[in-house]
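What follows is a set of notes on a single structure, which appears directly below.
FYI, it's all coordinate maths here, none of it is from the lab. If you're wondering where the values come from, they're calculated on a predicted model, not measured in any experiment. Backbone-built Cβ (ideal geometry, glycine too); neighbour counts: all protein chains shown.
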Amino acid sequence: MIEMAAKASEVLEKAAASTPGDSAVHAFRIRNRMLTSAGEEGIETFERDLRQTGEANVLAEMARLNYWAPKWYGSVEEMHARADDMTADPPNAAFLALKARAFIEEWLYESGMNDEDGAAAAMKARAATPEFKSALAALDDRFHSLAGSGPALSPAEGHFARNQFAFLFTTFINKDRVARHLAELQHPAATPWGYAADTGRNPHLIAQLRKECGLPRR
């Protein structure tokens with residue numbers, strides 16, 4: 001993997017020099033850096049290059065967010081701070097799904113990857129608080145409001161956003177909010193649904209959720 005990542009770095013550097021205004025190139029540079037980095041060294045350059053493209057690329061921002069997730073090179077606090085920055089003035093509603101993903105990544109880390117005693121119990125207790133539930137509901141309401149009044153989402157943006165929000169409210173149970181997103185969800189994404197079931201079982205999980213939410217079979 002390290003050898004292939006090193007080769008990819010060479011190819012991506014040539015691509016960045018050839019088409020510096022292509023945000024997708026910098027997204028792949030960030031993703032590849034996750035395999036070769038030991039922290040912050042070099043990542044600031046990739047993030048700067050991404051910003052300088054001026055392109056609104058939600059999947060590139062997702063690459064940034066994932067880099068700073070606690071399971072990689074950041075912390076829960078760093079990840080949420082970046083998610084808040086990304087969603088402060090979003091180009092469209094899909095970017096609000098980045099904050100949804102931050103909550104998902106926090107849950108994943110604290111529930112199954114944090115070795116500190118009591119981390120999972122603390123996450124469960126936090127998720128049960130009115131403040132936490134209110135924060136998720138406010139984020140979802142903001143998404144629906146902007147989706148209805150703001151710029152239209154591309155198919156890729158809609159796919160990304162619906163998967164994040166549907167999984168969010170499956171994890172932090174709220175069937176009414178799950179149903180609204182599942183009704184618009186065309187295909188389950190390997191991530192984040194893979195956090196709950198093997199990829200091959202994702203369609204079955206979605207089918208069961210649709211049934212529980214009173215939605216027709218698809």
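Rounded to the nearest 500, the helix-only mean residue ellipticity at 222 nm of the chain stands at -21500 deg cm²/dmol, with each DSSP H run of n ≥ 4 adding -39,500 (n - 2.57). Shape index of the chain: Rg/Rh, with Rg the Cα radius of gyration and Rh the Kirkwood radius from the inverse mean 1/r over Cα pairs, equals 0.97. Computed extension length for residue 156-residue 52: 35.2 nm, one decimal, from 0.36 nm per residue of separation with the Cα-Cα distance subtracted.
Using equal-weight Cα scatterers in the Debye expression, the normalised intensity of segment 74-119 in log10 at q = 0.17, 0.18, 0.24, 0.33 Å⁻¹ is -0.50, -0.55, -0.80, -1.15. Of all alpha-carbon pairs in segment 5-47, indicate the percentage at a distance above 17 angstrom. Value for segment 5-47 (Cα pairs over 17 Å): 21 percent. Using r as the Cβ-Cβ distance of residue 45 and residue 191, and R0 as 30 Å, what FRET efficiency do you calculate, to the nearest 0.05? Given R0 = 30 Å and the Cβ-Cβ separation, E is 0.70. A simple count of charges around residue 13, restricted to other residues whose Cβ falls under 12 Å of its Cβ and scoring Lys, Arg +1 and Asp, Glu -1, yields +2.
Axis angle, to the nearest 10 degrees, between helix 76-87 and the longest C-alpha principal axis of the chain: 90 degrees. With a Förster radius of 25 Å applied to the C-beta separation of residue 121 and residue 175, the computed FRET efficiency comes to 0.55. Coupling constants for segment 178-191 follow from the phi torsions by the Karplus curve (6.51 cos²θ - 1.76 cosθ + 1.60, θ = phi - 60°), and in residue order they are 4, 4, 5, 7, 4, 4, 9, 7, 8, 9, x, 8, 4, 10 Hz; glycine and proline get x.
With R₀ fixed at 22 Å, the C-beta to C-beta distance from residue 218 to residue 128 puts the FRET efficiency at about 0.10. Where a ≥ b ≥ c are the square roots of the eigenvalues of the C-alpha gyration tensor, would you call segment 123-168 rounded, which needs a/c under 1.5, or, failing that, prolate if a/b is larger than b/c, or oblate? Oblate shape, in that a/c is at least 1.5 and b/c is the bigger or equal ratio. Taking 25 Å as the limit for the C-alpha separation, the pairs 14/99; 7/99; 133/175; 71/99; 14/71; 124/175 exceed it in the case of 14/99; 7/99; 14/71. Ranked from largest, the principal axis spans of the Cα set of segment 97-192 equal 44, 28, 20 Å. For segment 171-218, dividing the convex hull volume of the Cα atoms by the residue count gives 71 Å³ per residue.
Extending 7 Å from the Cα toward the beta-carbon at both residue 78 and residue 35 defines two label points whose distance is 2.1 nm.
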